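Worksheet for the structure shown next.
Read the figures in this text as sums done on the coordinates, not as results from a lab. It should be emphasised that the depicted structure is a prediction, and the values quoted were computed from it without experimental measurement. Glycine gets a Cβ as well: all are built from the backbone with ideal geometry, and neighbour counts include every protein chain shown.
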Amino acid sequence: MGHQPNPVLSVVVPMYDEEAVLPIFVERLRPVLDRLDVPYELLVVDDGSRDRTAEMLSVAAADWPQLRLIRLLRNSGHQAALSAGFQRARGDYLISIDADLQDPPEVIPQMLAKARSADVDVVYGVRSDRSSDTVGKRVTARMYYRLMRRLVGREIPHDAGDFRLVSRRVVDAVNALPEGGRVFRLVIPWLGFPSADVTYVRAERAAGETKYSIGKMLRLAFDSVTAFSAAPLRLATWLGALGGLMSLAIVIVALGMKAAGHTVPGWTSTVLVVGVIGAVQLLCLGLLGEYVARMFQASQGRPSFLVGYDSLEDHGHTAYPE
Ligand code: UDP
Ligand code: MG
């Protein structure tokens, strides 16, 4: 299959239904990679696309020997697709980049140069400007990063998404983590390898629509919180205690009024007690459910993705099965 010597750089791109942006992406990325002074591989992880992404990728791979295709059997999500890339990348360095050109490929050589000259294991792509994002995205992102900085207990690079370089040491460390539902932008700072930043201006999505549905964003938020903190559980306990104290106070007041011979408005206090306790219990149950679900998943040991195809292991044929 005429494959290159072991690449120094693996560029990992998760793609889900990216037919609209794929041609422009290839056109922008290829000259940047071909100009690098090191051998590279471009590892595209097709996250179970339903459109023509798969087909278009195999066409592109036909005259791009460094393009390596991995196809997940079903849509497993952005982070799971990244996990697949981490597991299969062969390079001494790995750069993950989105397919929609929001992360400019031109920054890739800068990241590589920085990693080598500063001798760091991680180079974060940090957005110097988010004005291309919608107000809703900016507000939720700010809340998310503020909370995560607290929970992870480490500095999470401001506005760093999943555009970053990591060294082989980091790749191996991440792969050794047994957990599923990994959130890379938290796990990597948490590991604590020496790092540097490269700032860039975040562009608008070059074509197509966002592949992050509300559901997927919520999933990411829940995974982020439950992976790193039992604080919500403590909050639930705290709220439960508060609710308990409140209802106790109400009971004492009601008893006091009764002892003093006043008519007790029993209905109101009963409703209050039932309401407070009910609300707190529901809240706690919800939070417990999140943790129990995580434990359940872990105990099942289910993979968070399954690889259906890897062009490197495809002997003889270069076809990219649908
Ligand atoms: N993506 C993926 N699987 C998914 C959702 C997204 O592989 O289930 C990829 C997508 O193709 C893109 C990257 O993850 O390369 C980031 O997604 P997107 O740009 O839609 O997210 P946004 O920038 O809107 O947050
Ligand atoms: Mg995007």
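Just rank Thr226, Thr53, Thr210, fewest to most, by other beta-carbon atoms within 10 angstrom.
Numbers: Thr226 20, Thr53 23, Thr210 12.
Arranged by neighbour count, lowest to highest, Thr226, Thr53, Thr210 become Thr210, Thr226, Thr53.
Place a point 7 Å from Cα of Arg154 in the direction of its Cβ. Which residues in region 176-192 have their backbone N less than 17 Å from it?
176-180, 182-192
Residue by residue through region 75-83, what is 3J(HN,Hα) from phi via Karplus (6.51 cos²θ - 1.76 cosθ + 1.60, θ = phi - 60°)? Round to whole Hz and write x for glycine and proline.
5, 10, x, 3, 5, 5, 5, 5, 4
As an exercise, use a Förster radius of 22 Å and the Cβ-Cβ distance of Ser128 and Leu218 to find the FRET efficiency, rounded to the nearest 0.05. Write down the numbers at each step before the final one.
Values: r = 28 Å, r/R0 = 1.26.
The value I calculate is 0.20.
For the chain, what is the percent of antiparallel DSSP beta bridges, rounded to the nearest 5?
Antiparallel bridges make up about 30 percent of those DSSP assigns within the chain.
For Glu55 and Arg35 in one chain, what is 0.36 nm times their gap in residues minus the Cα-Cα distance, to one decimal in nm? Walk me through the numbers before you get to the answer.
Working: separation 20, 0.36 × 20 = 7.20 nm, distance 2.65 nm.
Working it through step by step, the gained length comes to 4.5 nm.
What is the order of Ile252, Ile70, fewest Cβ neighbours within 10 Å to most?
Working: Ile252 10, Ile70 25.
Going from least to most buried by this count: Ile252, Ile70.
Any chance you could get the radius of gyration and Dmax over the Cα atoms of region 103-144, in Å?
13.7, 38
Pop the C-beta distance of Met143 and Glu106 into the FRET formula with R0 = 35 Å and round what comes out to the nearest 0.05. Please list the in-between numbers first.
Numbers: r = 31 Å, r/R0 = 0.87.
Efficiency at R0 = 35 Å is approximately 0.70.
Just to verify a number: FRET efficiency for Ala203 and Gln297, C-beta to C-beta distance, R0 = 35 Å, to 0.05?
Values: r = 35 Å, r/R0 = 1.01.
Working from the Cβ atoms, E equals 0.50.
With contacts defined as alpha carbon pairs under 8 Å and 6 or more residues apart, what's the relative contact order of region 1-59 in percent? Don't skip to the answer; put the middle values down first.
Details: 63 pairs, mean separation 31.0, N = 59.
Contact order relative to length: 53 percent.
For the chain, what's the relative contact order in percent, using C-alpha pairs closer than 8 Å and at least 6 residues apart? Don't skip to the end; give the middle numbers.
Numbers: 490 pairs, mean separation 73.2, N = 322.
This gives 23 percent for the chain.
Fewest Cβ neighbours within 10 Å first, please rank Val32, Val166 accordingly. Before the final figure, lay out each step's value.
Values: Val32 16, Val166 30.
Placing the least packed residue first, the sequence is Val32, Val166.
For region 112-141, list residues with backbone N below 11 Å from a point placed 7 Å from the Cα of Thr210 toward its Cβ?
Counting backbone N atoms under 11 Å from the label point, the list is 133-141.
If you project the alpha carbons of region 118-259 onto their three principal axes, what span does each projection cover, largest first, in Å?
75, 35, 25
Cα atoms only: what Rg and Dmax, in Å, come out for the chain?
24.9, 95
At 7 Å along Cα-to-Cβ for each site, give me the label-to-label distance between Trp64 and Leu285 in nm.
5.1
Compute the distance from the alpha-carbon center of region 87-129 to that of region 148-206, in whole Å.
11
By how many nm would the segment from Leu245 to Arg116 lengthen if fully extended, with 0.36 nm per residue of separation less the alpha-carbon distance? Mind showing how you got there, number by number?
Working: separation 129, 0.36 × 129 = 46.44 nm, distance 5.85 nm.
Contour length minus the Cα-Cα distance gives 40.6 nm.
Under a plain spin-label model, where a point goes 7 Å from the Cα along Cα-to-Cβ, how far apart in nm are Val135 and Ile277?
4.4
What is the mean projected area of the alpha carbon convex hull for region 4-82, to one decimal in square nanometres? Write out the running numbers ahead of the final one.
On the way: hull surface 20.5 nm².
Its Cα hull, projected and averaged over all orientations, spans 5.1 nm².
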